[in-house]
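Accompanying notes for the structure given below.
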Amino acid sequence: MIAHGEYAALMGRSTALILVCAAAACLSACQPPARSRGDTISSPADTSASEWPFVPSTIRVHPLSRITVDAAGRRRVELRIECRDTEGDSVRTIGLVEIRMGDGDPREEALDLNVMRVNQETWDRVTRTYRQTLDIPNGFVCKPGAKLPIKLVLRLSQDRVLSATGDIACP
């Protein structure tokens, strides 16, 4: 037989367990809808890219960009690209990003954010930036105090282009 005090304790635990399960069930419904990988992204059908309210108005080389050393001992550029709308909020985008690193013998890369898979794989939800890891340009010597110049060009459409420059310091 269960004493009155033990019954109250059991009921309290049961109620807490029921509340935790209900909260978990509610939160599992808050996941974003799944998208198929490989699709091409476009702006909403009712507006053109230039009329879309959250289209980037500026881009920049984010301060979290850095030069790292991989497992094989090679130095790599971890480039983070931030796009901001007219209200200054970080936003995702579509378009082609042209990346130019270095001065003398520059390395040029492209990041095609029109490809859904590329857009999803490079987007970092925590920093709200696009993250791309790249090889250091030939001829660049990374030593303390040296800075790697970066130039970005984001082609949103044929008539809308954003650009930015920045430096990434060597560790």
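Coordinate-derived values only; no laboratory data. In this text, all values refer to a predicted model and were calculated from it rather than measured experimentally. As a convention, Cβ positions derive from the backbone with ideal geometry for all residues, glycine included, and neighbour counts pool all protein chains shown.
Return the long-range amide H neighbours of S65 (sequence gap of 5 or more, or a different chain), with a cut-off of under 5 Å between placed amide H atoms.
When sequence neighbours closer than 5 places are left aside, the close amide H contacts are R80.
Return F140, F54 ranked ascending by Cβ neighbour count within 10 Å, so the fewest neighbours appear first.
Fewest-to-most ranking of F140, F54: F54, F140.
Enumerate the amide H contacts of T58 below 5 Å, restricted to partners 5 or more residues apart or on another chain; note that Pro and chain-start residues carry no placed amide H.
Correct list: R84.
Rounded, prolate or oblate for segment 58-169? Axes are the square roots of the Cα gyration tensor eigenvalues, ordered a ≥ b ≥ c, and the cut-off for rounded is a/c under 1.5.
prolate
In which sequence would K143, K151 go, from the one with the fewest C-beta neighbours within 10 Å to the one with the most?
K143, K151
So for L111, L154, L79, fewest C-beta neighbours within 10 Å to most, what's the order?
Ascending number of Cβ neighbours within 10 Å: L111, L154, L79.
If the only charges are +1 at each Lys and Arg Cβ and -1 at each Asp and Glu Cβ, what is the size of the charge dipole of segment 58-169 around the Cα centre, to the nearest 20 debye?
280 debye
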